[in-house]
1. When ligands, DNA and RNA are left out and all protein chains stay put, how many square angstrom of accessible area per residue does the chain have with a 1.4 Å probe?
2. For region 60-79, list residues with backbone N below 13 Å from a point placed 7 Å from the Cα of Lys109 toward its Cβ?
3. Pairing the Cα long axis of helix 91-110 with the longest principal axis of the chain, what angle in degrees results, from 0 to 90 and rounded to the nearest 10?
4. Per DSSP H run of n ≥ 4, the term is -39500 (n - 2.57); total these for the chain, divide by its residue number, and report the mean residue ellipticity at 222 nm rounded to 500 deg cm²/dmol.
5. For Asn45 and Asn61, calculate 0.36 nm times their separation in residues minus their Cα-Cα distance, and state this gained length in nm to one decimal.
6. Taking 8 Å as the Cα distance limit and 6 or more residues as the minimum spacing, I'd like the relative contact order of the chain as a percentage.
7. Could you check how much of the accessible area of the chain is carbon and sulfur, as a whole percent, using a 1.4 Å probe?
8. In the full protein assembly as shown, how much of Arg35 is accessible to a 1.4 Å probe, in Å² to the nearest 10?
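The values are calculated or read from the model by the stated rules, or taken from the named source; none is laboratory data. What you are looking at is a predicted structure, and each value in this text was computed from that prediction instead of being measured. Cβ coordinates were reconstructed from backbone atoms using ideal geometry, including for glycine residues, and neighbour counts include every protein chain displayed. To get the accessible areas, we keep the full protein, side chains included, count just its heavy atoms, and leave off ligands, DNA and RNA. Shrake-Rupley method; radii C 1.70, N 1.55, O 1.52, S 1.80 Å.
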Amino acid sequence: MSKSKTPNLKSWLIPKLRRLSYQWPPKNEAKKLARVARGQYQCNNCKKIFPPKEIFMDHINPVVPLTGFEDLGKYVESLFVPVEAYQALCGPCHTEKTDAENIIRKSNKKT
């Protein structure tokens, strides 16, 4: 008989919460507000226009604080935020912001 390993609750829940957040009405409303014409959205950072597949709805304040993960309750509160806490970013701007946040998190983790 093989021993079954108890899954880590955090590792199991976070991807499911992320998927659920795609359906969060305020997130979809924020995307509508970023629309400048049919099939065209403006990046909040570079102000260029992009098609829907090249726009990411980004949390203005990171879901995982720059000081690192705290707990699931705070994670959920940070993930499901009101309309004004989102911004539309193009792929390159989103990657740049995410990379900068991850560098700060990594630096904070060392100290």
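1. For the chain, the solvent-accessible area averages 73 Å² per residue.
2. 65-70
3. Approximately 30 degrees, to the nearest 10.
4. Numbers: 4 runs with 51 residues, N = 111.
Calculated mean residue ellipticity at 222 nm is -14500 deg cm²/dmol.
5. Numbers: separation 16, 0.36 × 16 = 5.76 nm, distance 1.45 nm.
Once the chain is fully extended between Asn45 and Asn61, it gains 4.3 nm.
6. Details: 114 pairs, mean separation 32.0, N = 111.
Relative contact order for the chain comes out at 29 percent.
7. For the chain, the apolar C and S fraction of the accessible surface comes to 56 percent.
8. 120 Å²
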